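One structure is given here, and the rest of the page talks about it.
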Amino acid sequence: MFKEYVDKLGPGAMRQIANDPGVDGPEEAPAPRAIDRRDGVDMFQPSDIPLRVIADLLAGWSEEQRRRERETGISNIVMALRKPGKGNYAWHVLISYSDGQQRLWKVARGGAGVTGPTVTEVSAVT
């Protein structure tokens, strides 16, 4: 099931995650057990995404994004992707929306004097 979503993301998104250099900051604790690995990227079920990552995603959204996301919210998280290892690697959270699109959100911590989470939309997938 998850592989079909990864196919929609395309090889460019998977390469970007696999080549994530991480950021300066405290090393992350090892991620929970991945359900699969593809192209050097671990895949996680929504229930295995650390709550800290979900909290960072919500905290990193602007007020406008929070209003826009309220309809879907975190209840429609499909999966998360992350480069394996014990580095400070970003999490990439895929959310499915009621209009049929999926959006991939990058959730990172630290680096360049940043103390809180940095959340950016990586891509929209139809």
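So which residues in region 46-75 are more than 21 Å from THR118 (Cβ to Cβ), at pLDDT below 85 and in a helix (DSSP H, G or I), if there are any at all?
Scanning region 46-75 gives a single hit, SER75.
Out of (1) over 12 Å from the mean Cα position of the chain (by Cα); (2) modelled with pLDDT of 75 or more; (3) surrounded by 19 or more Cβ atoms within 10 Å (Cβ to Cβ), the odd one out for GLY85 is which?
Unmet condition: (3).
Which of the residues that make up region 38-55 are out of contact with any Pro (no Cβ under 8 Å at 6 or more places or on another chain) and farther than 22 Å from GLY110 by Cβ?
ARG38, MET43, GLN45, PRO46, SER47, listed by residue number.
The values are calculated or read from the model by the stated rules, or taken from the named source; none is laboratory data. Predicted, not measured: the structure shown is a model, and the values here were computed from it. All Cβ positions, even for glycine, are placed from backbone atoms using ideal geometry, and neighbour counts span all protein chains on display.
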